[in-house]
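Worksheet: one structure, shown below.
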Amino acid sequence: MKKLQLTALAGIFTTAVLLGACGNDTDQTAEAETAASSETQTLTVYSAGPEGLAEKIQTSFEEETGIKVEMFQGTTGKILSRLEAESNNPIADVVVLASVPSMEGLKSENKLKAYESENGDKVNADWSDSEHYYYGYSASALGVAYNTNQVPSLDADWNEFSEPEWEGRIAMPDPTSSGSAVDFLYGITNADESGWQLIEDWLNNGMVVAGANKESLDSVITGDKDVVISAVDYMTYKAKDSGEPVDIYYPASGTVISPRAAGILADAPNTEAAQKYIDFLLSDTAQKLVADAYILPGNDEIELNNRAPLADIPALPMDLENMEEKQIETLEKFLSLK
């Protein structure tokens, strides 16, 4: 997989020195240094969740570094729209997206700043940019979630869900609401020339396109549907551990691994703090928080509990070249089938 200088701070420091030469050195220099410290201790992060984990990482980073984080959370689409709206007055320092193709898009538009993190070699190189513009610090795998009250066990491959016994029993997240569902469609149709026929067969077999990831999983938890195709695994593991009648597996022919990546914006007002945040995301401390949220950490040496490790998940190959454009084409084609 392919992978601001703080001039205001310098100005404040110079002003303090000049004022000191005029006689009020102690108080005014102290005030300037306090102002400078305050300015460098705020970091703005735009994060596509996941909710809960993002807050824990924020709290842990603030405790470890003393840097205050202002965080905006939203979908990848909402974050990209906000960045575009703020392009003439940049606010964000770090962006975390649930879509590597979207990160590739930002990189190709020169909207990211390369940074070689001190912890970069700890995480999966296949999820990160080889030129250090972004790092895949975590990932989810897309599997088949099923209601264990209605389907005690299951190991069917993708093509089997087009058979009559599954008619009207399956759901899938809406790719217009779920970036991971677009990743799935792209991956499964790119890996096999018969992929689009498979998708069409599912739709003809009564597959329901059921909202975003949580809504589609809820349709299985409640028993409205028996199976969710392209289920986000960490959501399913969390629900299972909470006592819900649900489980997940990964079809033997392979599935899509969907990394969540972080990078520093080219116009970041606070590059120094942004670099510290990236270092922290890739640190063992943050990676353990990722694992505790049932998500695959970028560092495969972090211990996992109650979920399948990356090594046990059959993965489809993903070609990142021009992937953002290809995903738009994929989405358009899927919508034409509905």
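The values are calculated or read from the model by the stated rules, or taken from the named source; none is laboratory data. Here the structure is a predicted model, which is why all the values come from computation and not from measurement. A quick note on method: Cβ atoms are made from the backbone with ideal geometry, for glycine too, and the neighbour counts reach across all protein chains shown. The accessibility values were calculated without ligands, DNA or RNA, using every heavy atom of the protein model including side chains. Shrake-Rupley method; radii C 1.70, N 1.55, O 1.52, S 1.80 Å.
For this structure, a couple of remarks:
- Filtered residues of region 124-155 (kept if buried (at least 24 other Cβ atoms within 10 Å of the Cβ) and in a loop (DSSP other than H, G, I, E, B)): SER128, TYR134
- Yes/no for PRO269 being in a loop (DSSP other than H, G, I, E, B), under 22 Å from PRO175 (Cα atoms) and not acidic (Asp, Glu): no
- Filter pass, SER242 being among the hydroxyl-bearing types (Ser, Thr, Tyr) and surrounded by fewer than 19 Cβ atoms within 10 Å (Cβ to Cβ): yes
- Selection within region 224-236: residues that are in a helix (DSSP H, G or I) and open to solvent by 20 Å² or more (accessible area, probe 1.4 Å). The member of this set that is nearest to PRO297 (Cα to Cα) is TYR234.
- Beta carbons closer than 7 Å, at least 6 apart along the sequence or on distinct chains, pair a first residue in region 135-148 that is farther than 13 Å from LEU217 by Cβ and among the β-branched types (Val, Ile, Thr) with a second that is open to solvent by 10 Å² or more (accessible area, probe 1.4 Å) and part of a strand (DSSP E or B) for THR148/ASP247.
- Selection status of ALA262, closer than 20 Å to SER178 by Cα, open to solvent by less than 20 Å² (accessible area, probe 1.4 Å) and either touching a strand residue (DSSP E or B) at 6+ places or on another chain (Cβ under 9 Å) or outside any loop (DSSP other than H, G, I, E, B) (or both): yes
- From ASP284, ASP267, residue being closer than 15 Å to ILE57 by Cα and open to solvent by 20 Å² or more (accessible area, probe 1.4 Å): ASP284
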